[in-house]
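> For reference, the structure I am asking about is given below.
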Amino acid sequence: TMKIDLTKIYKNYKGLWVVLDKTLTQVISFDLDAKKAYDKAAKKGISKPTLFKVPKKNLPYFGSI
């Protein structure tokens with residue numbers, strides 16, 4: 001399984017929509033509005049951006065697979 005540390009993204013982009021690169025570790029664009037974040041990434045040549053809404057609060061989640 002792949003583990004991704006989003007700690008830095010959470011600290012810097014709370015409450016925003018971010019577009020992540022293929023490795024899901026670098027922010028390509030961000031905005032309060034998902035469409036604007038998407039459009040900014042498209043202008044940078046990203047054809048299939050991965051959008052992620054960064055939560056405002058970091059809440060624990062427990063579950064099973």
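> Need pairs with beta-carbon distance below 7 Å; first residue modelled with pLDDT of 95 or more and within region 9-36, second of a type in the set (Lys, Arg) and outside any loop (DSSP other than H, G, I, E, B); sequence gap 6+ or separate chains.
Trp17/Lys53; Ser29/Lys40; Asp31/Lys40
Listed here are the residues, each with its yes/no results for (1) more than 12 Å from the chain's Cα centre (by Cα); (2) in a helix (DSSP H, G or I).
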| position | (1), (2) |
| --- | --- |
| Lys8 | no, yes |
| Val18 | no, no |
| Thr23 | no, no |
| Phe30 | no, no |
| Lys36 | yes, yes |
| Lys48 | yes, no |
| Leu59 | yes, no |
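> Return yes when Lys56 is touching a Gly at 6+ places or on another chain (Cβ under 8 Å), touching a residue at least 24 places away in the same chain (Cβ under 8 Å) and open to solvent by 100 Å² or more (accessible area, probe 1.4 Å) and no when it is not.
Yes; evaluated as a whole, the condition is true for this residue.
The values are calculated or read from the model by the stated rules, or taken from the named source; none is laboratory data. Bear in mind that the values here come from a model prediction, so they are computed numbers and not experimental data. A quick note on method: Cβ atoms are made from the backbone with ideal geometry, for glycine too, and the neighbour counts reach across all protein chains shown. Quick note on the areas: whole protein, heavy atoms, side chains included, nothing else; ligands and nucleic acids left out. Shrake-Rupley method; radii C 1.70, N 1.55, O 1.52, S 1.80 Å.
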